[in-house]
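Here's the structure, in structure tokens; my notes come after.
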Amino acid sequence: MKATTNIYQIIFASLLLVGCTKVDLCDEGTHPHVVDGFSVTYDWSGLELSDDETPERLYFVATRILNTRHMVYQTNKDGQFWVEKSEEEKEPETTPGDSGPETPGDDNKPATRDDNVTETPDDDNTEPGGEYQPDIKLPGGEYFMMAFTDPRYPKLEENKKKLDETGKAMLDKDGNPIIDKIQREDDRVELVNLDKFTADEAMPVKQIVMRHAPVEPDEVKEVLVGNRKWADLNPGIGYVKDAGRKLLVARRDYLELDAGKNYVQPFNFNSLTQHVKIQFTVQLLPDENENQLTVEDFDAIFLEMAGIAPEVSISTGILNIEELTRVVVEVTEKEVTQSVEDNKPVTTLSCTAFLNVFGLIGNVDSYTITGPGVCNIVLYPIDKNKTPFRAKANLSKQIKEQAITAETGTVNERRKTKDEVSLIVRIPFRIVGENPEKGGDGIEGWIPADDDIYEDI
């Protein structure tokens, strides 16, 4: 009996040893079990990214499944980790007689969003607060990992009037405002809960989300349409900013790291956003008095699309659709053609609007002219005294037929199924003289907006 007991004790001790090595159950302060080096390679070569879509800075998140640990680093586009120097490593202010920096301490402290992001330098490794390094040391164990675009970069460039000391715009010799080009962090998408995840190891990684930045109704005129007149054609749905570009994510659902080994882990990126192309046409025809608008009569065209999922879990790709929103984008791609109809000239504007959103959801009712799935266009005349031309169409049927998102089985959740979406308003919006042509069936045709709608001027 005693021999049998000894055998069980040996087996139990062996299991404890293995458990300590795999999932790091020992006291890490006195007996750390870490990999010798962990580095990553990033691959988004198959995504056909534009310059502003290619990530400039990214986040790397690792969560150990057993004996939970949360690790968050910022990386550059080459997969190098930004590591903040410990207080001992930071070079102190020197005075004559100082012997220089103190002995280096732990250089593997994860960077948190609030502490290090806004101070993170360009890729020149000259910032005294830290540096990029090719690898890090992680405790051994089983992990979920992901890397994703830092939505604040690349920075946006915008024009800003130069002001004098009194706050008035400075003018050049010809009397025109002097314009400075400034760069600012991209504020169109918010990163939510990363700080809390870093600080609280009880928080699930799925709670790290990206969210379209909200826009208050009274800010739409200034923020989204360049201080032009604006009317709410789809009341009751909140406004958010379009992401303006693809945002990327790469996930590794399960990795097992053994202490004492080196790892080079590839990350292959996919689009976290849905790129939506919406095509429509505007036809300009003469009236009985031969009055006809031309392309030069228009200052700008904007498209509003409702049914936007405002939030996505980065680790799962699950869309939160509890409260759908809408975006407003300027139509910058227009092709102009000329034709003849009943011996009268017709000018056709073939327009394309592009959205970058986490997911687009339609209405169950394809006949309504308000709610999710409804798009509105606004054509602004050059003459600011003239009323903009407005029309609306419901694209819910196309959205449903293309199955661009799918149910997850949970209320108020969906998952995007397509990265690229193309929607077409097949019936032209016709303007005869200066009057929108009545008609449209409310499904995939245009319905001119009422003349007595409320308009913010």
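Assorted remarks:
- Residue match in region 178-196 (condition: without any contact (Cβ under 8 Å) to a residue 12 or more places away in the chain and either assigned to a loop (DSSP other than H, G, I, E, B) or among the acidic types (Asp, Glu) (or both)): no
- Number of positions in region 134-174 that are in a loop (DSSP other than H, G, I, E, B) and either in contact with a His (Cβ under 7 Å, 6 or more places away or on another chain) or open to solvent by 90 Å² or more (accessible area, probe 1.4 Å) (or both): 8
- Look at region 145-159: where a residue is farther than 9 Å from PRO55 by Cα and a partner is assigned to a loop (DSSP other than H, G, I, E, B) and among the aromatic types (Phe, Trp, Tyr), sitting 6+ places away or on another chain with Cβ atoms under 8 Å, you get ALA147/PHE269.
- Selection from region 389-414 of residues that are without any contact (Cβ under 8 Å) to a residue 12 or more places away in the chain and on the phi > 0 side of the Ramachandran plot: GLY409
- Criterion: within 30 Å of ASP135 (Cα to Cα) and assigned by the TED database to the domain that holds PRO55 - qualifying residue of ALA202, ALA259: ALA259
- Single match in TYR367, TYR380 (criterion: of a type in the set (Phe, Trp, Tyr) and at pLDDT below 95): TYR367
- Residue list for region 180-222, restricted to those being within 17 Å of GLU158 (Cβ to Cβ), in contact with a Lys or Arg (Cβ under 7 Å, 6 or more places away or on another chain) and acidic (Asp, Glu): ASP180, GLU185, ASP186
- Some residue of region 345-359 being modelled with pLDDT of 95 or more, open to solvent by 60 Å² or more (accessible area, probe 1.4 Å) and more than 23 Å from PRO214 (Cα to Cα): yes
- Top-ranked residue of region 242-260 - restricted to ones that are modelled with pLDDT of 95 or more and open to solvent by 40 Å² or more (accessible area, probe 1.4 Å), ranked as nearest to the chain's Cα centre (by Cα): ARG251
- Matching residues in region 187-241 - criterion: being farther than 16 Å from ILE308 by Cβ and of a type in the set (S, T, N, Q): ASN193, THR198, GLN207, ASN227
- Count of residues meeting criterion [open to solvent by 70 Å² or more (accessible area, probe 1.4 Å) and farther than 18 Å from GLU322 by Cβ] in region 201-222: 7
- Residue-level analysis places ASN356 outside the set of residues that are at negative phi, without any contact (Cβ under 8 Å) to a residue 12 or more places away in the chain and in the same structural domain as VAL295 (by the TED database).
The values are calculated or read from the model by the stated rules, or taken from the named source; none is laboratory data. The model shown is predicted, which means the values in this text are computed figures rather than measured ones. All Cβ positions, even for glycine, are placed from backbone atoms using ideal geometry, and neighbour counts span all protein chains on display. These area figures cover heavy atoms from the full protein model, side chains too; ligands, DNA and RNA do not enter into them. Shrake-Rupley method; radii C 1.70, N 1.55, O 1.52, S 1.80 Å.
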